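Okay, structure first, notes after.
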Amino acid sequence: MNKLGLKKDQIQKVGLTLVGFVILLYIYFSFFLGPLNHSRSAALAAINEKQSKLASSKNNLAKAANLEQQAKAATARFAALKSLNSEGAPIAWFPPRMKVFFANQQIDKAVARLESSAVFKQPELSAWLKFNWVIDLPQADYATLGTAISQLENAEPLLAVTKVSIHASPDQPEFQQVVLMATNTIPKQ
């Protein structure tokens, strides 16, 4: 007999019970809890991957919405720019438009003539033509001329004044003879 008063067969039962309990714990941790933890880790990794894809998709949606807004704005600007040019050949409508514009600016006798025309070399501008114009203003004063040039470039967004040549008039010192070189961009008809 031992100190607890257990018999040999009781000790064997307790020993077998302990061995069975250890085997049960091993089976539980190895075959049940281990795969469960592995499944949990795999599920967490899948969740993290899906969340990163979701965040990326949200970012792409925001970029697409921004791009759509930019496209709408660009399309509206493009339509507005196309509507600024009259139908027909520019040689028919541009000189009268310049004459009227400068007459409204108190500069009389404005004459616009076509110097040259060319196509753009850039492929994205292949639907547009570039026209170089010479605009003669035989009598203009400095203040009126400055205001007229700034208003011209603001009123005609596809027109850029590239060169201004001013000569003093000897018989009328308050007026100058002005030659403007301007480039106008016009869509192909």
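Throughout, read-outs are computed from the coordinates displayed, never taken from laboratory work. Model, not experiment: these values are computed from the prediction. Because the Cβ atoms are built from the backbone with ideal geometry, glycine has one as well, and the counts that use them run over all protein chains shown.
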**Complete:** Expected unfolding gain across Ser56-Leu33 under the 0.36 nm per residue rule, minus the alpha-carbon gap, is 4.9 nm
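Using the structure shown, list the pairs from Lys72/Lys130; Lys53/Lys121; Lys58/Lys188 with a Cα-Cα distance above 31 Å, or answer none.
Lys53/Lys121; Lys58/Lys188
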**Prompt:** If you put +1 on each Lys and Arg Cβ and -1 on each Asp and Glu Cβ, how big is the dipole of the chain around its Cα centre, in Debye rounded to 20?
**Reply:** 2040 debye
**Asked** Ala43 versus Ser150, label points 7 Å from Cα toward the beta carbon: distance in nm?
**Response** 7.0 nm
**Message:** Tell me the net charge near Lys109. Cut-off is 11 Å between Cβ atoms, Lys109 excluded, with +1 for each Lys or Arg and -1 for each Asp or Glu.
**Reply:** -1
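Is there a quick way to get the dipole size of the stretch 76-160? I mean about its Cα centre, with the Cβ of Lys and Arg at +1 and of Asp and Glu at -1; what is the value in debye to the nearest 20?
Around 220 debye, computed over the stretch 76-160.
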**Summed side-chain charge close to Ser57 - residues other than Ser57 whose Cβ falls under 13 Å, Lys, Arg +1, Asp, Glu -1** = +3
**Stretchable slack from Gln189 to Val134, in nm (0.36 nm times residue separation minus alpha-carbon distance)** = 17.6 nm
**Asked** Tally Lys and Arg at +1 and Asp and Glu at -1 over the other residues with C-beta under 13 Å from the C-beta of Val178: what net charge comes out?
**Response** -1
**Asked** Hey, if you put +1 on the Cβ of every Lys and Arg and -1 on every Asp and Glu Cβ in the chain, which of Ala73, Asn59, Leu129 ends up farthest toward the positive end of that dipole?
**Response** Asn59
**Request:** Express the relative contact order of the stretch 48-182 as a whole percentage, based on alpha carbon pairs under 8 Å and six or more residues apart in sequence.
**Result:** 18 percent
**Chain lengthening between Glu124 and Glu68 when straightened (0.36 nm per residue, less Cα-Cα)** = 18.2 nm
